[in-house]
Amino acid sequence: MRSAYSEYVNRSLDFLPKKSLGQNFLIDENIARKIVHLLDPQPNDIIVEIGPGFGVLSKYIVPSGCRYIGVEIDERLTPLLQKEHAAFPQAEIIHADFRKVNLAELAAKNKLRLIGNIPYHITSSIVFAAFANREVLRDMMLTVQKEVAERIVANSQTGGKDYGILSVISQTFAKTEILFTMSKHVFRPKPEVDSAVARWIFQPPPENLLDADFYVRMVKTIFGQRRKTLRRSLAAFLGKEVSTAAPVDLQRRPETLSIRELIQLANALIGEN
């Protein structure tokens, strides 16, 4: 399948990627086909692509018959995408910042599937925006910086600096995995780092979670002060010393706690909020 977008990328010397948008366009057709093969779009899927760019992925996704929604923030690319997919009535292109899109309004009977080659400098905010809408999501596959992908799958056993807010929030509400890594040479312009495709399959937490919002705020606070003991960081979070009998030793540091232990801790502290 030949795409006008690939030709446009190769011949358009006057198209200047915006540094403010962190644009690094995937141009390798083999990688694009591999990503879409792993996505495995089906006719009854609703697939939302974050930043379709020149359409290197969407040209393989849209013909599957799925309902496709491309969310592109660059107004220069929107008309190109609309023209490319004009023959497919189930394909829609939205000019918007993904983080401001109401995903619940896009979802129908089937949950949404997210995919995208996203700007690396706003990876966390995009991931957290997705998790805020996790009830309407089935899965998410994103191309991210390799080091970020490693943080997404890190756990309390590996510990260290990789296990943090992104790891905990991701693994509380989803099964995470790194599908494959790729060189910087498959992008235009080339980023300064290597990349990886990470996947989240959304699922319930591994243990009953009484208040998800409280939990997320607690996790962000204690991992934001990861050098402090839990006793000290929780005092800052609650605005007072912990008085409830905690299910874990408060002299520990947050990176030593498993997801289950973090959930148990949050559940125990809700009454102190």
**Complete:** Taking the chain and counting helices only, DSSP H stretches of n ≥ 4 at -39,500 (n - 2.57) each over all residues, the nearest-500 ellipticity at 222 nm comes to -9500 deg cm²/dmol
**Asked** Among (i) 19.9; (ii) 20.5; (iii) 19.2, which is the computed Kirkwood radius over Cα pairs in Å?
**Response** (i)
**Request:** Per residue of region 57-67, in order, report the coupling 6.51 cos²θ - 1.76 cosθ + 1.60 (Karplus, θ = phi - 60°) as ³J(HN,Hα) in whole Hz, putting x for Gly and Pro.
**Result:** 8, 5, 5, 9, 7, 4, x, 5, x, 5, 7
**Where the Cα pairs of region 64-176 fall when distances are cut into 5 Å bins, in %** = 2, 10, 19, 21, 19, 13, 8, 5, 2, 1, 0
**Item:** Rounded to 10°, Cα long-axis angle of helix 212-224 versus longest principal axis of the chain
**Value:** 80
**Prompt:** Between the helical axis of 29-39 and the dominant principal axis of the chain, each derived from Cα atoms, what acute angle in degrees is found, rounded to the nearest 10?
**Reply:** 50
**Request:** Give me the angle, in degrees from 0 to 90, between the Cα long axis of helix 259-269 and the longest principal axis of the Cα atoms of the chain, rounded to the nearest 10.
**Result:** 60
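Using only Cα atoms, what is the ratio of the radius of gyration of region 212-272 to 2.2 N^0.38 Å? Show your work: numbers first, answer last.
Numbers: Rg = 9.9 Å, N = 61, 2.2 N^0.38 = 10.5 Å.
Expressed relative to 2.2 N^0.38 Å, the Cα Rg reads 0.95.
The numbers here are math on the coordinates, done by the rules we state, and not lab data. Given the structure is predicted, the values throughout are model-derived calculations rather than measurements.
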